[in-house]
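Here is the structure we will look at, set down as structure tokens.
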Amino acid sequence: MRFWPRAATPYPQCIMEAMALRIVHLFPDLMSIYGDRGNVLALQQRSRWRGIDVEVRSHTAGAALDPDWADLYFFGGGQDQGQDVVGEDLQGPNGARLREGIASGAAALSICGGYQLLGHEYVPDGAPPIPGAGVLDVRTTVGSRRFVGNLLVKSDGGALVGFENHSGKTYLGPRARPLGRVLVGNGNNGEDRTEGAVQGRVIGCYLHGSLLPKNPWLADRLIGWALERRHGPVTLAPLDDTAEHAAQAQAMEVARART
Amino acid sequence: MIRTALAVSSGKLARLILNRAGRGATALPGLVALAVDPLALASLTASLEHGAVCVSGTNGKTTTSRMLADIVRAAGWAPVHNRSGSNLDRGIVAALLADSSWTGAPRSNVGILEVDEATLPRVLARMAPRVVVVTNLFRDQLDRYFEIDALAKRIGGAIARLPASTTLVLNADDPIVAQLAHGHRGPVTYFGVDDPKAGGTVAQSISDATRCPRCRAPLQYRRVVLAHIGDWSCSACSFTRPERGIAALAVELSAAATTIRIVAASGTVEAVTVPLPGLYNAYNALAALAAAGVVGIGLPTAARALASFRPAFGRLETVQADDRTLRLMLVKNPAGFNAAIGALLETGRHPRLLAALNDRDADGRDVSWIWDADFESLAPRVAHAFVTGLRSRDLAVRLKYAGVAPARIEVVDGWKDALVRAIGAAAQGDEVIVVATYTAMLALRDALADMGYAGRFWED
């Protein structure tokens, strides 16, 4: 592997050329509906366009997760029927390995079902709670109403726009802070106007769309966090995001006018 | 029944007014009739001499039902068929109304009813068709239907309440569809593709069924045709791809036609050709042939009808415009997109593309699905892409991340302007591939009609 310690050169562009990003896509066979795969494509392409090597590996239930390998975990949404298998896998040794990986500085992005399963628990109606991986200080209970529609959020790094489709209502504990404030849509629970959660380098939210391609600032924030784990703080080269910003603007207009 | 007569006459009145106003009447009259008599569906189909065939599934239902309508016509029957593709219960009732006298007596003698898969449970609760065909079940507009497992359960529940007089025609290669026979009391005919050369061995990223619908253990595939369609079996329980009553032993694909070899009732192998490209049209033909067999129409008649088949609205139909050929492909979900794109790429084309993405209810309000569609296979082959529609910019970003150079992607606002640009950029004699979601395709068809290139679709 080509790897330069940060101190070895004063030129950040030299570091860029030598960098590599390792992504683990968690349960792509069961937790990959609603186009969440686009987030992995965005992370890959935006890294490649900057000359950063990218490798993506899939983790499927039953295989052993290597806590040392990944710089970034992606965990998408799935059908309810896939979540029992995934939940079981995370209650075993793989849950501990994921927590270890995140404690070592890996970043994570989770959407919808993935977001719920990174929390403490998911409480279904009239059934015992399903424990989550516990890397986010959030709890989700099942709601009586399904939140389906465009979702527009104001976050610290800019706007985020996407599409929500969930009946779970997620509430944040003191160690997580909201990813943003809901401008249009329902967000975490339809009550407190918050959307998503951030805790360290772990992000969870309800934004499908896919999220990262048309909200590129968040993609770059995650790439930066992930590279930091093995390469120290980095400055990413800017990209021409004209098309991405146009898509975001169009989606924001749709969210405001037709939701 | 007075109520039915009232429903029929109020529905027909609505149709008369719409026609006078120069509007297509594909659904509203049905809505009016259903409001007066919720059981209009059963009463309007009860006196059809050869009964009714419901054709449903995520993809292929329009093409399959049109094939079947052509086949029954070739057998000398008169079908009533919601051929405009208006396939919710109101659209079905509207087609039945248009076919009936003012007292509700049908002029036709067989019903070929295309039914939206989410509407199928409700339709089956109100009528017992002679045949129910299910082509496949893929993830579609998740904002409307939510999850495919939940939808399959609802359809299975409705099927379990059907009488034993209903025959099911199911895709053996789709485990979710094969499972629908589980609670059925009547006969089942399965169809499938047995050609070992059809499809690959690698599971595709859009697969909806990686687990057994019965026991949740992982499914094993000896061959994957598209998404979760293929030669499957459960790794743990006894659930496996059922025996095919009608199977394509071999499939030959070309730029303009698909030929399948099947075993006829006499035991000889017969070739059946449909003048449409794409492996998925082999499945559509198999479904239509299987249903024809169930209602007693022989293979020679059916094969003759399929040989002169003309595609439906946006199903690879062609429109001539200034010496250029527009090939229109309606897409609404990743599986349909991949199948349509596969049909193009099989033939070695380097298409000029006009892609239109809308996010109205009929398109699916969530455009996320474009990220599941395999634009990566298409990207290296795209000579130039024009994008338009309410969510054109999402589509431009999708193409960019699939690897199409930004200089080859052009966003054009306005349906007519987009068509003018795409047609103008193609050389004489060239083909422009038009890929669009439902309401975007309607808008493009209207614009083409205004430009004098095509008829409006309800005149079809």
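Each reported figure results from applying straightforward, stated rules to the coordinates on display, with no laboratory input. These numbers come from a predicted model, not from an experiment. Neighbour counts are summed over all protein chains in view; Cβ atoms, including those assigned to glycine, are modelled from backbone coordinates with ideal geometry.
Quick look at the values:
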{"item": "For residues of B:397-408, the mean tally of beta carbons on other chains within 10 Å", "result": "4"}
{"item": "Relative contact order, percent, chain A [alpha-carbon distance under 8 Å, six or more residues apart]", "result": "19 percent"}
{"item": "Chain A, helix-only ellipticity at 222 nm - DSSP H runs n ≥ 4, -39,500 (n - 2.57), divided by all residues, nearest 500", "result": "-9500 deg cm²/dmol"}
{"item": "Global geometry of the stretch A:16-257, whether rounded, prolate or oblate, following the gyration tensor of its Cα atoms and the 1.5 cut on a/c", "result": "oblate"}
{"item": "Among beta bridges that DSSP assigns inside the stretch B:315-459, antiparallel share in %, nearest 5", "result": "25 percent"}
{"item": "Anchor A:Lys169: aspartates and glutamates whose Cα lies under 17 Å away (excluding residues fewer than 8 positions away in-chain)", "result": "A:Asp80, A:Glu121, A:Asp125, A:Asp137, A:Glu191, A:Asp192, A:Glu195"}
{"item": "Per DSSP, loop trypsin sites (Lys or Arg not before Pro) in the stretch A:150-259 with at most 11 further Cβ within 10 Å", "result": "A:Arg175"}
{"item": "Top positive-direction residue, dipole computed over the protein assembly as shown with Cβ charges, set B:Asn171, B:Pro213, B:Ser65", "result": "B:Ser65"}
{"item": "Global geometry of the stretch B:315-459, whether rounded, prolate or oblate, following the gyration tensor of its Cα atoms and the 1.5 cut on a/c", "result": "rounded"}
{"item": "Bridge type composition, the protein assembly as shown - antiparallel percent by DSSP, nearest 5", "result": "45 percent"}
{"item": "Straight-distance crosslink candidates among aspartates and glutamates, where the alpha carbon sits under 12 Å from A:Lys214 and sequence neighbours closer than 8 are dropped", "result": "A:Asp241, A:Glu244, B:Asp394"}
{"item": "Relative contact order (percent, whole number), chain B, Cα cutoff 8 Å, 6+ residue spacing", "result": "12 percent"}
{"item": "DSSP bridge pairs, chain B: antiparallel proportion in percent, nearest 5", "result": "40 percent"}
{"item": "Interchain or long-range residues, amide H under 5 Å from A:Lys169's placed H", "result": "A:Thr141, A:Val142, A:Gly143"}
{"item": "Partner chain coverage, peptide A:24-36 - average Cβ within 10 angstrom", "result": "4"}
{"item": "Compactness of chain B, expressed as Rg and Dmax over alpha-carbon positions, Å", "result": "21.6, 65"}
{"item": "Straight-distance crosslink candidates among lysines, where the alpha carbon sits under 28 Å from B:Lys61 and sequence neighbours closer than 8 are dropped", "result": "B:Lys12, B:Lys153, B:Lys197, B:Lys332"}
{"item": "Number of partner chain Cβ atoms within 10 Å, mean per residue of A:159-171", "result": "2"}
{"item": "Electrostatic dipole magnitude of the protein assembly as shown [Cβ: Lys, Arg +1; Asp, Glu -1; Cα centre; debye, to 20]", "result": "860 debye"}
{"item": "Cβ-based charge dipole, the stretch A:16-257, positive-most Cα from A:Ala237, A:Gln83, A:Ala226", "result": "A:Ala237"}
{"item": "Amide H within-cut-off set for B:Ala217, under 5 Å, with H built and near neighbours excluded", "result": "B:Cys212"}
{"item": "Nearest-20 debye value, the stretch A:16-257 charge dipole, Cβ charges on Lys, Arg, Asp, Glu", "result": "460 debye"}
{"item": "Unit charges on C-beta of K, R, D, E only; dipole of the stretch B:330-406, Debye", "result": "300 debye"}
{"item": "Chain B - mean residue ellipticity at 222 nm from DSSP helices (-39,500 (n - 2.57) per run, n ≥ 4, rounded to 500)", "result": "-10500 deg cm²/dmol"}
{"item": "Residue among A:Val142, A:Leu41, A:Gln199 farthest towards the positive dipole end of the protein assembly as shown, charges placed on Cβ", "result": "A:Val142"}
